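Presented below is the structure to which this report refers.
Quick note: the coordinates plus some simple rules give every number you see, no bench work behind them. Source: prediction; values computed, not measured. Cβ atoms come from the backbone with ideal geometry, glycine included; neighbour counts cover every protein chain shown.
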Amino acid sequence: MDEIAFHKPFVSGREIDYLRQAVASGQLAGDGPFSRRCEELLTQRLGAQRVLLTPSCTAALELAALLCRLEPGDEVLMPSYTFVSTALAVLRTGAQPVFVDVRDDTLNLDESLLEDALSPRTRLIVPVHYAGVAAEMDQINELAGRRGLSVLEDAAQALGGQYRGRAVGSLGRLAAFSFHATKNIGCGEGGALCVNDPDLVARAEILRDKGTNRRQFFRGEVDKYTWVDTGSSYLASDLCAAYLLAQLEQLDDVTRRRREVHEAYHQRLAPLQQQGRLRLPVIPEDCRSSYHMFYVLLPDEARRDGLLRHLKQRGIQAAFHFVPLHLAPRGRAFRTWPRQLVRTEELAGRLVRLPFHHELTESQLDRVVEAVGEYLEA
């Protein structure tokens, strides 16, 4: 019996055509015609002031940290249940992450804990939209506004998601997206920074282009370009942008198909939830998910590990997700709130990600659901 893949990258069918056009144009470096088309499409979709393509979401997060002018000794509130890039972007400035526990329902940053986690050194809050479901942004933004803090959305998993009718990525001062090969749409490696504060747009362009005012020169705003600020090379190749454009044009169709798979899983596994054998993902009524993944929560870590072994034996690829950053060797050095992140550790130890991609067939869904039920009902 064929193995069921955990993930398959989406291919629209126009990627090769666009790549040929990019090669023929001779404009292969960053800020070429395909880069501009991607940025315009994303800007319109998100309602942003400016969207800048980057080589990765990691680069977008680093650029955002520079824009927030973080300095050594500053503190940044974020979940521990996230990819390491969320913390690394902060550490590169000399600032320190402060890991805050997550909600039990969505596994997002628990907004009710943030005020008590603040210190006089807090400068930034980084909510991560886990699995493509938005964090509770109205409360986070209210606190940030009251305390003079910036908000950076880590929206790596959430392109196409919404919160109370607003696009994920338009909810914070800044937002970072990922176009890694494991995401709903991608270009192998890639990312984007969404700038929602007009006061940050000009500096974002400078920091992204090695600290130079090169973009102003190309627009005829200065007679030559030169080094004016800090920065790095945060431009994505136009070849990557050509591939990405073919994907972005199909985002709605991809999201629709992933929603169908998500809902099929949810419906077929609902009896096991009703029996108390597992818990299914929660999407609040005021959120529209990007449907980045489908996970189940088992009663405990032993059952989680047992299910992973069982699925592997049945030819089904599955995985757990993040190891909480505060438990990692490097992460143990940083402050947590509360002192013990009970929900983060408990939920991380119970979570299994099931195969999830746009090509998953009805028969494959049946096999996965049957295997999960076979293990849990044994």
*Calculate the length of the line joining the C-alpha centroid of the range 58-89 to that of the range 155-234, in whole Å.*
15
*For the chain, modelled as a Gaussian network with Cα springs under 10 Å, which listed residue fluctuates most, S119, S232, S56?*
S119
*If we count other beta carbons within 10 Å of each Cβ, what is the order of C38, C287, fewest first?*
C287, C38
_Relative intensity, log₁₀ I(q)/I(0), of the range 228-378 from a Debye sum that treats every alpha carbon as a point, q = 0.09 Å⁻¹_ = -0.41
*Between I4 and residues 5 or more places away or on another chain, which pairs have amide H atoms under 5 Å apart, with H built 1.01 Å from N, and which residues are they?*
I316, Q317
_Residue-wise HN-Hα coupling along the range 2-16, computed from phi with Karplus coefficients 6.51, -1.76, 1.60 (Hz; x: Gly, Pro)_ = 5, 6, 8, 6, 5, 8, 9, x, 6, 10, 7, x, 9, 4, 5
*Ranked from highest to lowest mean number of other Cβ atoms within 10 Å per residue, what is the order of the peptides 59-72, 15-28, 304-317?*
59-72, 304-317, 15-28
*5 angstrom amide H check on G172, placed H, neighbours 5+ away*: E153
*How long are the semi-axes of the ellipsoid equivalent to the chain, from square roots of 5 times the Cα gyration tensor eigenvalues, in whole Å, largest first?*
35, 27, 16
*Which chymotrypsin sites (Phe, Trp or Tyr not before Pro) in the range 255-313 pass both tests, a DSSP loop state and at most 15 other beta-carbon atoms within 10 Å?*
none
*Taking H as built 1.01 Å from N, whose amide H comes closer than 5 Å to the amide H of V100, not counting residues under 5 places away?*
M78, S80, W337
*Phi to ³J(HN,Hα) by Karplus 6.51 cos²θ - 1.76 cosθ + 1.60 over the range 274-287, Hz, x for Gly, Pro*: 4, 7, x, 8, 7, 10, 9, x, 10, 10, x, 4, 8, 10
*Taking θ as phi - 60°, what are the ³J(HN,Hα) couplings along the range 58-71 by the Karplus curve (6.51, -1.76, 1.60), each to the nearest whole Hz, with x for Gly and Pro?*
4, 4, 5, 5, 5, 4, 5, 4, 5, 5, 7, 6, 5, 10
*Quick one: dipole size for the range 251-376, taken about the Cα centre, charges +1 on Lys/Arg Cβ and -1 on Asp/Glu Cβ, in debye to the nearest 20.*
580
